[in-house]
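K.L.:
A single structure is presented below for examination.
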Amino acid sequence: MTSHSTSRPLVPMHRMPLPEAGPPRRGTLATGTPVWLVSRHADVRQVLMDPRFNRSSLYGDDPPRLLVVPNLLDSPNGLLNQDGPGHQRLRRTVQRAFTPRAIARWRPWVARTVTTLLDRFAERPQPADIIEGFTRPLPVSVICRLMGLEHLDSERIRHWADHALSGGAHTAEEVERALMEFGAFSAQLVAERRAAPGEDLVSELVAAGDAAPGVDDLQLTSLVCGLVVAGHETTMTALGNAVVYLLTDGRADWPGLAKDEEAAATAAEQLLRTVPLSEGRVLPGLIRRAVEDAEIGGVTIPAGSVVALRTNVANRDPQVYPPGMPDLSAPLPAPSVAFGAGPHHCLGAWLARLELELALLHLATRFPRLSAAFTPETITWREGQMTRSPLRLPVSW
């Protein structure tokens, strides 16, 4: 786990100052690549759903430099970086495992995982670190169970995830070495599950991929890598940052989380909308390229332009959502773009929702008097990744 000390106290993610939503404007990525920044809710949704903006052209002729260091999301073989029929074919091999109906079957064992972790956490001397004891191990435990990887050392997965989604905490050489190890592990896993399939998601993926024309082992391996990382990294980040908000500025909302599953699910949607995963940076998955001239929000974006989507800003667009911090008991007036939209809508969205909902419900039910043994100024942050989340959070109950 990577942490960088800093002389300036970082504000919690829910207090991050964000620019106002407005028409598309010019900007630059950290690499210096010029982009069009799109920030209004309607404009972001349009770009995500419009085939004139795609991912594969970012890896074609004259590819723009998107990242300062290598990243798992930057692989041309990845599901994220394909479009059209090939993308749909590959996506179908995994999509059936992540439908709301499929996720509903997992609810009982996700709930058991949550309650088991909270049982262990309750035995710790107070104050106890809720990151180490709950918010970090929960998503890793769930994805390992789902993919039949319970035998795998969770620290090894965290090591790969930290490097795969590094935002500058590691050198290019360190990232490349970790990605090679991760790729080799995933390729071996695909071969093992093909030879001896089990009741797990990797076995399902291999069977579906083998039955689909045009899906090769490189793509299957990339899918496995992506699911292992994406299956826990963002959920861990979202849950840790949600706890910061709920034990500080949002403490009045704590009792309401314990009401029932519906109340916890509504709160989870509001928290996903309003608590950013990353600081000012645009996450690489939210970049597109215009393949022909297109008008967005009254602005013509020329063919060949790189477009970066500010979903954090779009999720607080005052034309769509009430200003200020959320009412966690109020259903969203319109779907957020926390999980994207369109052909590349996050495959794991329903699983992330389920984990957050059950984590919040059982945490508030089990620990009604949970309180922060930290202040916003004393939080140690996990930095240098694509996302930012607390490294430790001491709490009492």
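K.L.:
Being at pLDDT 95 or above and open to solvent by less than 20 Å² (accessible area, probe 1.4 Å): is that true of L118 here?
P.N.:
Spelling it out, L118 is indeed at pLDDT 95 or above and open to solvent by less than 20 Å² (accessible area, probe 1.4 Å).
K.L.:
Cβ-Cβ under 9 Å, sequence separation 6+ or interchain: first residue in segment 71-93 and under 17 Å from L58 (Cα atoms) and in a helix (DSSP H, G or I), partner open to solvent by 30 Å² or more (accessible area, probe 1.4 Å) and hydroxyl-bearing (S, T, Y). Which pairs?
P.N.:
Partner pairs satisfying both residue conditions: D74/Y59; N81/S56; N81/Y59; N81/S75; G84/S56; G86/S56; H87/S56.
K.L.:
Sticking with this one: Looking at D43, is it at pLDDT 95 or above, buried (at least 19 other Cβ atoms within 10 Å of the Cβ) and out of contact with any Phe, Trp or Tyr (no Cβ under 9 Å at 6 or more places or on another chain)?
P.N.:
yes
K.L.:
Continuing with this model, one more query. Test V190 against the stated conditions and say whether it is within 21 Å of S389 (Cβ to Cβ), assigned to a helix (DSSP H, G or I), in contact with a helix residue (DSSP H, G or I) (Cβ under 8 Å, 6 or more places away or on another chain) and open to solvent by less than 20 Å² (accessible area, probe 1.4 Å).
P.N.:
The answer is no for V190.
K.L.:
Could you list, in sequence order, the residues of segment 272-307 that are under 15 Å from P63 (Cα atoms) and either free of Cβ contacts under 8 Å to residues at least 24 places away in the same chain or part of a strand (DSSP E or B) (or both)?
P.N.:
I287, R288, R289, A290, A303, G304, V306, V307, listed by residue number.
K.L.:
Now for a different question. Out of segment 81-111, which residues are surrounded by 12 or more Cβ atoms within 10 Å (Cβ to Cβ) and either among the aliphatic types (A, V, I, L, M) or within 14 Å of P137 (Cβ to Cβ) (or both)?
P.N.:
Result: L90, V94, A97, A102, I103, V110, A111.
This table checks each residue for (1) open to solvent by 40 Å² or more (accessible area, probe 1.4 Å); (2) free of Cβ contacts under 8 Å to residues at least 60 places away in the same chain; (3) in contact with a Phe, Trp or Tyr (Cβ under 8 Å, 6 or more places away or on another chain).
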position	(1), (2), (3)
P326	no, yes, no
A330	no, no, no
P333	yes, yes, yes
G340	no, no, no
G348	no, no, yes
L354	no, no, yes
L361	no, no, no
S371	yes, no, yes
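K.L.:
Tell me, yes or no, whether segment 203-210 has at least one residue that is over 26 Å from L360 (Cα atoms), open to solvent by 10 Å² or more (accessible area, probe 1.4 Å) and part of a loop (DSSP other than H, G, I, E, B).
P.N.:
Checked against the condition, which is being over 26 Å from L360 (Cα atoms), open to solvent by 10 Å² or more (accessible area, probe 1.4 Å) and part of a loop (DSSP other than H, G, I, E, B), segment 203-210 yields no hits at all.
The values are calculated or read from the model by the stated rules, or taken from the named source; none is laboratory data. Note that this is a predicted model, so its numbers are computed, not measured. With ideal geometry, Cβ positions are generated from the backbone for all residues, glycine too; neighbour counts draw on all protein chains shown. Quick note on the areas: whole protein, heavy atoms, side chains included, nothing else; ligands and nucleic acids left out. Shrake-Rupley method; radii C 1.70, N 1.55, O 1.52, S 1.80 Å.
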